[in-house]
Amino acid sequence: MPQRSLLVNFKDIDKDDVALVGGKNANLGEMVKAGFPVPPGFAITVHAYDLFLEENNLVDKIYKILAEVNVNESKQLEFASSQIQKLIKNSTVPEIVVREVIVFYKKLSGFMKQGLVAVRSSATAEDAQGTSFAGQQASFLNVKGEANLIEKVKECWASLFTARSIFYRVQNKIRHEKVKVSVAVQKMVQSEVSGVMFSIDPVTNDKDRIIIESVWGLGEMIVQGSVVPDKYVVQKPGLSTGRETFDILSKEISDQSIQLIRKGEVTTEVEVPNKIRDKQKITNEEIVQLARYSDKLQKHYYFPQDSEWAKEKGKLYLVQTRPVTTLASSKKRLVISKKEDVVTAKAPILIGASASPGIGTGIVKILRSPKEIEKIQKGDVLVATMTSPDYVPAMKKANAIVTDQGGQTSHAAIVSRELGIPAVVGTKLATKILKDGMVASVNGSTGEVFLGSLITKVELKKPVEKINKMKTATNVYVNMAEVERAVEVSKMNVDGVGLLRAEFIMSNIGIHPREAIKRKEQGNYIKRMAHDLEIFCKNFYPRPIIYRTSDFRTNEFRELIGGKFWEPHEDNPFLGYRGAFRYISNPEVFNLELRAIKKVREKHKNLMVMIPFVRSPEELVKVRRLVASEGLFEQTSFKFWMMCELPVNVIQIEDFIKVGIDGISFGTNDLTMLVSGTDRDNSEVARAYNEVSPAMMWCFKRVIKACNKYGVTTSMCGQAPSQYDGLVEKLVSWGITSMSVNADAVNRVRGVVAQAEEKVGK
């Protein structure tokens with residue numbers, strides 16, 4: 001794809017094109033390529049946005065305003081936001097962009113037609129794991145005509161600088177200049193029914209359940225929380241559930257009085273006909289079909305998905321998907337250690353849907369609009385008809401949140417889970433029954449609201465602190481990437497970090513390492529890398545940190561500042577210029593990492609090195625020499641590991657051991673693809689991807705036995721041990737030393753390990 005494309009069709013983009021078209025568009029393209037039913041459309045790329053800013057001389061003006069604003073001063077923030085948006089809306093869209101938009105729009109609409117389209121912002125930082133950006137940018141429905149479309153595109157660009165968006169980026173430590181905005185233009189689906197679905201239970205994180213919500217009409221109402229939706233709970237098939245089919249476990253049918261529909265050429269609220277107000281909105285067969293889509297999306301992305309769907313003329317469409325951003329969020333929840341700590345004699349005054357677990361108590365503050373957010377003080381219970389992104393500054397202060405409307409997929413629910421604040425939604429009467437100044441307790445786990453304090457003895461803890469203290473002979477490590485989670489995860493029952501990914505640290509630095517060298521900024525680069533590494537080492541000390549050195553592929557390196565100049569184009573980056581080969585070819589870049597490691601090890605001896613994608617023992621010898629040149633082997637506490645992720649690593653394991661390694665860790669994702677000759681990201685062949693096939697089990701056993709023979713540590717840091725309990729049992733029986741899993745799987749895997757050790761008498 002041309003790097004300077006101003007517009008692209010969905011079919012020509014995929015999940016790797018976030019930097020070009022933003023998260024929303026990238027996922028739409030990915031779903032199209034994977035064969036999901038997605039309405040056709042196109043993306044106006046960030047290059048069009050950049051050209052617009054450039055031709056109107058807006059860049060310096062915008063960032064000067066942002067540099068001077070204090071986001072914690074509401075009036076100042078609103079003024080800055082209005083200034084920037086006015087600049088954008090009053091500027092002219094470049095003629096070349098206008099021409100291309102018209103051409104693409106006509107092709108989408110059909111000859112001599114002006115079709116109805118949905119126009120949605122797609123920011124380059126949204127829909128990432130950990131930050132939902134829920135409702136931050138603008139969306140417009142039923143847009144018709146070329147002139148209207150161009151105006152809505154400008155409004156989407158401007159929405160990158162709403163007060164809520166500016167505040168959200170600052171609070172999440174995202175630099176303004178790192179975020180750009182693309183625009184999705186998609187054929188409008190006139191939904192008879194629409195909704196949202198989660199491939200796991202978003203409240204309990206139960207991976208065996210799918211949650212589906214539905215409303216009459218267009219889907220904006222469900223996300224906004226304007227109505228209480230139907231809720232359907234579906235059990236997945238599989239060994240863990242003992243079911244062979246998708247089974248509907250429960251249905252909660254809402255009485256919906258209003259819906260959002262197109263009327264003429266406008267989108268408006270109308271009453272739902274009486275005969276269908278309290279009826280189930282989709283059939284059981286459609287519920288199951290949506291569940292299949294949701295499960296398939298999770299398997300395709302290898303991560304739980306939050307997806308939006310719509311039904312028109314009996315056909316189901318998928319209109320958006322994003323990773324679930326709220327797994328293990330737990331910042332402010334009250335954890336009750338004993339049943340007797342809760343006063344159970346009190347009956348709840350309100351009952352709604354459990355939206356974000358935990359218990360919070362505080363003084364009730366009712367907000368009638370975002371203009372009242374300054375009423376909320378730290379520790380209050382925020383009560384509102386519903387929330388919007390404008391409420392986020394107030395939500396961050398609250399001990400708990402209660403709304404009249406909305407379901408588990410509404411804005412209030414998603415953001416509450418992301419912030420780790422207990423929440424109950426869809427109570428219908430909260431703003432009428434609760435009064436300012438009351439003391440209320442909110443149980444987000446049960447969906448109940450009580451008057452007064454529920455809790456007699458309160459421990460202010462995070463759920464991760466209420467951990468299983470079990471110890472096992474086989475170490476259970478955790479996979480880590482985000483420095484922001486180091487403190488939280490370090491308090492879990494883990495024996496160390498089995499995989500610390502370099503790529504996230506390097507992405508935070510933002511500049512290509514060779515560009516940093518060119519600019520003579522090596523010292524600053526090393527300092528910033530060492531700073532992040534030290535946070536992990538300090539919090540986990542004395543537990544080991546196994547740092548996997550950088551394994552960016554060329555297409556990923558190109559996204560860093562200066563990357564396009566330094567990185568070649570490759571048809572197949574997966575098998576290209578990466579891993580150990582890169583270190584040998586550019587030792588000056590690798591030395592930046594090594595010097596940062598050496599700097600950290602002056603204080604923290606628990607930092608170890610693991611080398612990825614080693615194609616031969618000869619490569620490993622050369623890499624080992626580079627590591628030795630920095631004096632790291634002079635310390636006996638230093639350990640030198642290698643990833644086992646290529647068939648050659650399995651075949652020649654003894655030759656690699658003889659080079660001199662202290663440990664290996666299976667990268668099951670890459671190894672499985674290369675052993676089976678399949679691409680897990682290719683929907684045409686993904687079903688052939690199987691991490692627990694007989695061939696893979698042979699590989700694991702062969703390597704573990706060889707390493708045990710020579711006293712080399714063995715581990716597994718791919719996704720497999722987080723997902724397959726049977727594999728964990730086999731690994732333990734073969735004598736694996738440790739396994740490294742996702743944070744949310746630590747306690748469950750520890751339990752499986754303990755049972756397996758008991759069986760083998762370990």
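The values are calculated or read from the model by the stated rules, or taken from the named source; none is laboratory data. Because the structure is predicted, anything quoted here is derived from the model rather than measured. Neighbour counts are summed over all protein chains in view; Cβ atoms, including those assigned to glycine, are modelled from backbone coordinates with ideal geometry.
Taking the criterion of being among the aromatic types (Phe, Trp, Tyr) and touching a residue at least 40 places away in the same chain (Cβ under 8 Å), the residues of the stretch 493-543 that qualify are Tyr525, Phe536, Phe540, Tyr541.
Please work out if Thr672 is polar (S, T, N, Q), at pLDDT below 95 and outside any loop (DSSP other than H, G, I, E, B). Criteria met by Thr672.
Within the stretch 361-384, the set of residues being of a type outside the set (A, V, I, L, M), over 28 Å from the mean Cα position of the chain (by Cα) and surrounded by fewer than 17 Cβ atoms within 10 Å (Cβ to Cβ) comprises Arg368, Ser369, Lys371, Glu372, Glu374, Lys375, Gln377.
One line per residue, one yes/no per condition, for (1) modelled with pLDDT of 90 or more; (2) closer than 26 Å to Asn508 by Cβ; (3) touching a helix residue (DSSP H, G or I) at 6+ places or on another chain (Cβ under 7 Å); (4) not hydroxyl-bearing (Ser, Thr, Tyr):
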residue: Asp50; (1), (2), (3), (4): yes, yes, no, yes
residue: Ala67; (1), (2), (3), (4): no, yes, no, yes
residue: Pro94; (1), (2), (3), (4): yes, no, yes, yes
residue: Gly110; (1), (2), (3), (4): no, no, no, yes
residue: Lys113; (1), (2), (3), (4): no, no, no, yes
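Restricting the first member to the stretch 379-402 and to residues that are over 11 Å from Ala440 (Cα atoms), and the second to residues that are acidic (Asp, Glu), the beta-carbon pairs closer than 6 Å and six or more apart or on different chains are Thr385/Asp404; Ala398/Asp380. Considering the stretch 743-762, the residues that are at pLDDT below 85 and among the aliphatic types (A, V, I, L, M) include one that is nearest to Ala473 (Cα to Cα), namely Val760.
The single residue among Phe140, Phe133 that is modelled with pLDDT of 80 or more, among the aromatic types (Phe, Trp, Tyr) and either more than 21 Å from the chain's Cα centre (by Cα) or not in a strand (DSSP E or B) (or both) turns out to be Phe140. Residues in the stretch 55-73 that are surrounded by 12 or more Cβ atoms within 10 Å (Cβ to Cβ) and within 18 Å of Lys180 (Cβ to Cβ): Glu55, Asn56, Leu58, Val59, Lys61, Ile62, Tyr63, Ile65, Leu66. For the stretch 86-110, taking the residues that are in a helix (DSSP H, G or I) and of a type in the set (Ser, Thr, Tyr), the one that is surrounded by the fewest Cβ atoms within 10 Å (Cβ to Cβ) is identified as Ser109. Report yes if some residue within the stretch 254-277 is touching a residue at least 24 places away in the same chain (Cβ under 8 Å), in a loop (DSSP other than H, G, I, E, B) and within 31 Å of the chain's Cα centre (by Cα); otherwise report no. Within the stretch 254-277 (the criterion being touching a residue at least 24 places away in the same chain (Cβ under 8 Å), in a loop (DSSP other than H, G, I, E, B) and within 31 Å of the chain's Cα centre (by Cα)), the answer is yes, since at least one residue qualifies.
The C-beta contact set for the stretch 544-558 (first residue in the same structural domain as Leu594 (by TED's automatic domain parsing) and part of a loop (DSSP other than H, G, I, E, B), second residue of a type in the set (S, T, N, Q) and at pLDDT 80 or above, distance under 8 angstrom, 6+ apart or interchain) comprises Pro544/Asn606.
Within the stretch 32-85, can you find the residues that are in a helix (DSSP H, G or I) and touching a Gly at 6+ places or on another chain (Cβ under 8 Å)?
Restricting attention to the stretch 32-85, the residues satisfying the condition of being in a helix (DSSP H, G or I) are 32-33, 46-55, 59-68, 74-85.
The one that is in a helix (DSSP H, G or I) and touching a Gly at 6+ places or on another chain (Cβ under 8 Å): Val46.
In the condition set (1) under 34 Å from the mean Cα position of the chain (by Cα); (2) over 25 Å from Thr474 (Cα atoms); (3) modelled with pLDDT of 95 or more, Asn586 is compliant with all but (3). Number of residues in the stretch 232-260 that are modelled with pLDDT under 85 and at negative phi: the value is 6. When the stretch 510-532 is filtered for residues that are under 24 Å from Val623 (Cα atoms) and either within 22 Å of the chain's Cα centre (by Cα) or basic (Lys, Arg) (or both), the ones remaining, listed by number, are Arg514, Lys518, Lys527, Arg528, Asp532. Among the residues of the stretch 608-621, none qualifies, meaning not one is without any contact (Cβ under 8 Å) to a residue 12 or more places away in the chain and outside any helix (DSSP H, G or I). Against the test of being farther than 18 Å from Val648 by Cα and either surrounded by 17 or more Cβ atoms within 10 Å (Cβ to Cβ) or at pLDDT below 95 (or both), the options Ser715, Ser683 yield a single qualifying residue, Ser683. Among the residues making up the stretch 174-201, a single one is in contact with a helix residue (DSSP H, G or I) (Cβ under 6 Å, 6 or more places away or on another chain) and farther than 20 Å from Asn27 by Cα: His176.
To keep it simple, each residue is scored yes or no on (1) over 21 Å from Leu499 (Cα atoms); (2) within 34 Å of the chain's Cα centre (by Cα); (3) in the same structural domain as Arg519 (by TED's automatic domain parsing).
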position: Lys603; (1), (2), (3): no, yes, yes
position: Phe638; (1), (2), (3): no, yes, yes
position: Val648; (1), (2), (3): yes, yes, yes
position: Val659; (1), (2), (3): yes, no, yes
position: Asp670; (1), (2), (3): no, yes, yes
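Does Leu20 fit the bill of being modelled with pLDDT of 90 or more and either within 21 Å of Ile88 (Cβ to Cβ) or surrounded by fewer than 22 Cβ atoms within 10 Å (Cβ to Cβ) (or both)? So Leu20 fits the description; yes.
Scanning the stretch 718-742 for residues that are surrounded by fewer than 23 Cβ atoms within 10 Å (Cβ to Cβ), modelled with pLDDT under 90 and not in a helix (DSSP H, G or I) yields a count of 3. Among the conditions (1) under 26 Å from Ala423 (Cα atoms); (2) among the polar types (S, T, N, Q); (3) at pLDDT 85 or above, the only one that Asn274 does not satisfy is (1).
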